[in-house]
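Below you'll find the structure, written out as structure tokens, and then a few comments.
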Amino acid sequence: MGLSYKMRLVILALGICIMAGSGLLLKGLLVPDSFGVYGPYRADAIAENTELPIRHGTNSSCYACHTYEAKVHKTGLHSTISCEFCHGPWADHTDGKKKIGTLPVKTNQDITTLCLRCHNTEIKARSQQVIKTVAMPGHLESQKVKLTHNCNQCHHVHAPLKYIKRARQITGLTEEKI
Ligand code: HEC
Ligand code: HEC
Ligand code: HEC
Ligand code: HEC
């Protein structure tokens, strides 16, 4: 190719101009209008999210209709745990006035799986001071039961030490005496 040195510079400069120009054009086309109004994100996203229908109702939204579960749950060590964590969202179940759909209720082995999502010693990242954890099958072996036992056969799911405390009261056992 017999291109002169100058000509090569011109082609190079032209190439850079075309790339920069198309880059700017694409940026103008692809960046949403409200980008950067509040910060490096789309400002419209805030309005869009506040318009989404509410899915979760918090525990107090369950209490009015489920007075028995509410009473048990409030007194136990699970009182800070969300009903909806274990049962699914409020919006699938009620419109606030009546029941409109069925929520899942775990049974048998699925209950154990649910409990171990928070209480498994294998979860090393969890502070043991906040949530006490158990090792399986060691926990069941120490209680001298078959390994097929599920957690709710001894622990009330809504107040996990309810029966265990009651058993201690009946037998007169205390932490010290054990
Ligand atoms: C740690 C998980 C967990 C939390 C938190 C929890 N539940 Fe449950 N719930 C269960 C499980 C598991 C069952 C079924 C097993 C059982 O009853 O022993 C159940 C059973 C129920 C049932 C009876 C369902 C049936 O058809 O027998 C109702 C109603 C209920 N829960 C409502 C609530 C409400 C209301 C809250 C909050 C105040 C709540 N639950 C908090 C796990 C949980
Ligand atoms: C407007 C009343 C009402 C509200 C509010 C309500 N429930 Fe219920 N729920 C019912 C009725 C009625 C039933 C069926 C009869 C029963 O089991 O007591 C039911 C049943 C359930 C069941 C058993 C499975 C099923 O769907 O039949 C679970 C679990 C449950 N509710 C959890 C919850 C949780 C968690 C909340 C809060 C997010 C909640 N409920 C809020 C009325 C309500
Ligand atoms: C979402 C996480 C979560 C799930 C799921 C859960 N728990 Fe808990 N559990 C907790 C927390 C948090 C505490 C401790 C509350 C405190 O000490 O204030 C607790 C406390 C307990 C305790 C008392 C421990 C102590 O401090 O002596 C027992 C027993 C227990 N849970 C058993 C269960 C069983 C059985 C299940 C399944 C039905 C279950 N947990 C499901 C979070 C969970
Ligand atoms: C055979 C009955 C039985 C079964 C089944 C059982 N537990 Fe327990 N669990 C107990 C007793 C009793 C204690 C109290 C032990 C103590 O205070 O020394 C306890 C204590 C706990 C504690 C508190 C531990 C601590 O360090 O204080 C947790 C968490 C717990 N259980 C979770 C579970 C989970 C999760 C399951 C299911 C995988 C389960 N348990 C199944 C009887 C049982």
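Taken together, the values in this text are just the output of simple stated rules run on the coordinates, not laboratory data. Everything numeric here is computed off the predicted structure, so don't read it as measured data. With ideal geometry, Cβ positions are generated from the backbone for all residues, glycine too; neighbour counts draw on all protein chains shown.
In plain terms, the bigger the Kirkwood radius, the slower the diffusion; for the chain, with that radius from Cα pairs, at 25 °C and 0.890 mPa s, Stokes-Einstein puts D at 109 µm²/s.
With an 8 Å Cα cut-off and a minimum separation of 6 or more residues, compute the relative contact order for region 95-178 in percent.
Worked out over region 95-178, it gives 21 percent.
The eigenvalues of the Cα gyration tensor, multiplied by 5 and square-rooted, give region 106-178 an equivalent ellipsoid with semi-axes of 21, 16, 13 Å from largest to smallest. Give the separation of the Cα centroids, region 1-43 to region 81-137, in Å. Result: 52 Å between the Cα centres. Normalised by the number of residues in region 42-105, the mean separation of alpha-carbon contacts (under 8 Å, six or more apart) gives a relative contact order of 31 percent. Only lysines eight or more places from Lys132 in sequence, or on another chain, were considered; those with a Cα closer than 17 Å are Lys124, Lys162, Lys165. Under 5 Å from the amide H of Asn59 lie the amide H atoms of Cys83, each residue being 5 or more positions distant or on a separate chain, with H modelled from the backbone and absent for Pro and chain starts. In a DSSP loop and with at most 11 other Cβ atoms within 10 Å, the chymotrypsin sites (Phe, Trp or Tyr not before Pro) in region 1-46 are Tyr38.
For region 42-105, the share of alpha carbon pairs falling in successive 10 Å distance bins from zero is 19, 44, 23, 11, 2 percent. Most mobile of Ala64, Ala47, Ala91 per a Gaussian network model of the chain (Cα springs, under 10 Å)? Greatest mean-square fluctuation among the candidates belongs to Ala47.
The GluC sites (Glu not before Pro) of region 1-71 that DSSP puts in a loop, and whose beta carbon has at most 13 other beta carbons within 10 Å, are Glu51.
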